[in-house]
Amino acid sequence: MSYEKVTQAKSKVIIGTKQTLKAMKNGEIKEVVVAEDAEQRVTEKVVRLAKELNIPVLPVHSMKELGKSCGIDVGAATVAIKR
């Protein structure tokens, strides 16, 4: 389901942890998608900040599938969907 959300919002996604954190701090994000198979040290800052800012976090199983949903050829640990 979350993969579909990302695919539908392709023009409104921010890919990657650093860019996601920056956009979250700027108040641009409505939801965050996090791959469960990503290293926790990579995703923990995003999840923590999302909880602080009351931004929903949607888990997905695969970095590879998340990247594919974004239209990129590599995996993605985190993806943010803009408002």
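None of the figures in this text is laboratory data; all of them are computed from the coordinates on show. None of these values were measured; they are calculated from a predicted model. Please note: Cβ atoms are built from the backbone with ideal geometry, for glycine as well, and neighbour counts cover all protein chains shown.
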Compare the peptides 73-81, 20-28, 4-12 by average per-residue count of other Cβ atoms within 10 angstrom and give them in order, highest first. 73-81, 20-28, 4-12
When only alpha-carbon atoms are used, what values of Rg and Dmax, in angstrom, describe region 30-73? 10.7, 31
Just to be sure I follow: if Rg is taken over the C-alpha atoms of the chain and Rh is the Kirkwood radius over the same atoms, what is Rg/Rh? 0.91
Here the FRET efficiency for Lys25 versus Glu4, based on Cβ atoms and R0 = 30 Å and rounded to 0.05, is 0.65
